[in-house]
Amino acid sequence: MENVNGGTEATAARKAFEMLRQDTSRAAQRARAPFWYRFGFALAVVAFVRAFGLEGSAFILVTSISAAAAVGLGLVRPWVTKTRADPWADSLALRWGLLQTAAVLVFGAAGILLFTITKEEWVLWLGSVLAGAACLWSSARMENALADSIRENR
């Protein structure tokens, strides 16, 4: 079972498999959005929720800018990661994404509702910071799930 080069087919196969595994690990790492990207998205969430404490044109301006920032970050993700990997396409990453969405909605809506009732600024700040922290935490889990899926070839 030796090939022409003097090595065994099994050794060549092991080397090829190891190279493939290394390539897959590099691709998985590259597909993950960097921390600054996820932090920027979390800041957009914080700004959006916090905007509900503003009046008139300031409210419109901050909600518009934060929404545009979130959409813009979504659009540039392929450029940032240099891949077309979509965390929303992987089932485990999708679960983390849905959890992220639910947490942002719950913390954000609770902060806005309690602020509307109490008119206490700290309540809105707390709701917005909790929404942003939940977004940052769950986005890290979402990116890890995507990388694991790529690494394990799921």
Looking only at the range 141-154, which residues are in a helix (DSSP H, G or I), over 12 Å from the mean Cα position of the chain (by Cα) and not polar (S, T, N, Q)? D148, I150, R151
Using beta carbons and a limit of 9 Å, which pairs, at least six apart or on different chains, have the first residue in the range 107-120 and at negative phi and surrounded by fewer than 20 Cβ atoms within 10 Å (Cβ to Cβ) and the second one acidic (D, E) and not in a helix (DSSP H, G or I)? L114/E120
Residue among V80, V62 that is under 14 Å from L43 (Cα atoms), touching a helix residue (DSSP H, G or I) at 6+ places or on another chain (Cβ under 6 Å) and surrounded by 12 or more Cβ atoms within 10 Å (Cβ to Cβ): V62
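Yes or no: A31 at pLDDT below 70 and among the aliphatic types (A, V, I, L, M)?
Values: at pLDDT below 70: no; among the aliphatic types (A, V, I, L, M): yes.
No: the conditions fail for A31.
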Checked G127, G97, G74, G132 against criteria (under 15 Å from Y37 (Cα atoms) and crowded, with 18+ Cβ neighbours inside 10 Å); the one match is G132
Would you be able to say whether some residue in the range 42-54 is surrounded by fewer than 17 Cβ atoms within 10 Å (Cβ to Cβ) and free of Cβ contacts under 8 Å to residues at least 40 places away in the same chain? yes
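The values are calculated or read from the model by the stated rules, or taken from the named source; none is laboratory data. Quick caveat, the model's predicted, so the values are computed rather than measured. Please note: Cβ atoms are built from the backbone with ideal geometry, for glycine as well, and neighbour counts cover all protein chains shown.
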